[in-house]
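All remarks here apply to the structure that follows.
Derivation of every value follows stated rules applied to the coordinates shown; laboratory data play no part. Remember, it's a predicted structure, so these values are computed and weren't measured experimentally. Cβ placement follows ideal geometry from the backbone for every residue including glycine, while neighbour counts extend to all protein chains displayed.
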Amino acid sequence: MKLMKHITIALVLCAIPAVTVGQTTVDCKGCTHAASVYMGEGGFVATADDDVEEVVWVASCGGVTRDGTLEPDDDGMVAALFTGDLACMAKGGGTFEVGPVMDGGWFWVTDESSSAVGNLVALDLFDDKGAPKGEAAKITSAGAGVTMMAGRGAVFLKEAATGRVGILPTLLPEPPMDPAAVCGPRTNDDWPYGYDSQASSSCMLGGGRTKIRLTGPGSFGSSATITNGMVYRPNAGTVTVTADLWVDESGSYSTDEALTVFAGADDPTPEQTANYLAAVRKGWAGKTASALGPGSGTNWLTATFGASIAAAVGAPIVVAAGADPVAGVTLANNGSTPTNPDATTPNPVGQAVFTIGPNSSYCSKTNNNTAVLNVAAIDGANMIHPGVVRGRRAGLGSSRAVQGFAAIAQLRIVCPPRSSSANMGQELVPENPFPVDE
């Protein structure tokens, strides 16, 4: 009911005046859609394009052209009545163009005794001469009992015996195409661990953007990806949070030389095979597993990381690698050295390690302050296509301070929940004030 109220108001206030004889033809450069049939009385309803403050219309009938503007309502809707001329039918029909509006607009025309409804068609479906760019559907003739008049992307039908009218579209929508395949790793029948090839042609490429994954304490002593942007500061001891850089999975493939070496080997060695598999999975989260063995969940993009703690007043405080803690946070590794060099298969470089410990200035009986940790990554020499982008192209804005970064993430270090002050060994149910003698 609210929608119909808006339409009614728009139709009453924005009615297009009758034809004024003697006006010249007006070009509608802003128009994007047209009524497929324009004659007689009727009206239209459409939604203006985003951020459009004014919609333009141009109507032509019998050699006379009129134009005007409409202001979208709060919902972006525009609607108006128009008064055409039934004589347009005999003269091949008139035209009504409007825009900029979105697809989905519709209109109606009223003949001598009944009305018909049609859709506004997009003008980009027609060439400069008004002919359809694609092939219009061929409409079967209904014979002498129904008159047919071609419009723009539709046919106007009128039953001679009853005067009933209708509008039959001739420009039909094309069936949706299958989404383009994204360039990157491909799996075999051993999914989810069998990512052993990649697509590098006939696929969709992304824009070279990346994302920072933060991993911290999980359940039962495990590690887990931090998805809520928050970690609890410990009351005692320390917690570890790691940061690494991944592609945003919009489409990229590896150009690592390990692929060429593997392809050129008649009998690849285990090392060549491992390097090849690492290359085709490069930078893709969740696709680095090898039967959950060594390297599982480990990133293969190299990067160095910088960090700072947002200060309450003034500039952020830099958290330098190997330096004293800032707000209880230490950067033990900025990504320039392996995180686990003593392992049989050491983790590659590119993963930063943060150690978070207690800090009474932030969390104590009298303090409950959150430390905001800003983490920024600078990509290394990663052989992937498209190459990693930085700054404005990475969606980080135009500030000069961020132009050297590939990705930025933020982690809120909050104080742990206050423990209950009650003595856990104390009975919390009061003694029965109404004892019963046995």
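Of note:
- All-pairs alpha carbon distance profile, region 219-262, 10 Å steps from 0, percent: 16, 34, 21, 19, 9, 1
- Under Karplus coefficients 6.51, -1.76 and 1.60, residue-wise ³J(HN,Hα) of region 253-260 in Hz, glycine/proline x: 9, 7, 10, 4, 5, 4, 5, 5
- Theoretical FRET efficiency, 1/(1+(r/R0)^6), r = Cβ-Cβ of residue 51 and residue 381, R0 35 Å, to 0.05: 0.25
- For residue 182, nonlocal amide neighbours, meaning residues 5 or more places apart or on other chains whose placed amide H falls under 5 Å from its own, are 204.
- Of every Cα-Cα pair in region 114-156, the percent that sits beyond 15 Å: 53 percent
- Leading residue at positive end of dipole, region 183-244 (Cβ point charges), from 216, 185, 234: 234
- Once the Cα-Cα distance is subtracted from the 0.36 nm per residue extended length, the residue 272 to residue 310 segment shows a gain of 9.2 nm.
- Placing R0 at 35 angstrom, the Cβ-Cβ distance between residue 374 and residue 344 gives a FRET efficiency of 0.50 after rounding to 0.05.
- Sites residue 364 and residue 136 - FRET efficiency at Förster radius 56 Å, r taken between beta-carbons, to 0.05: 0.15
- If the convex hull is drawn through the Cα atoms of region 114-267, its volume per residue in Å³: 336 Å³
- Over region 34-167, the pair-distance histogram of Cα-Cα distances with 5 Å bins from zero comes to 2, 10, 19, 22, 20, 14, 7, 3, 1, 0 percent, rounded to whole numbers.
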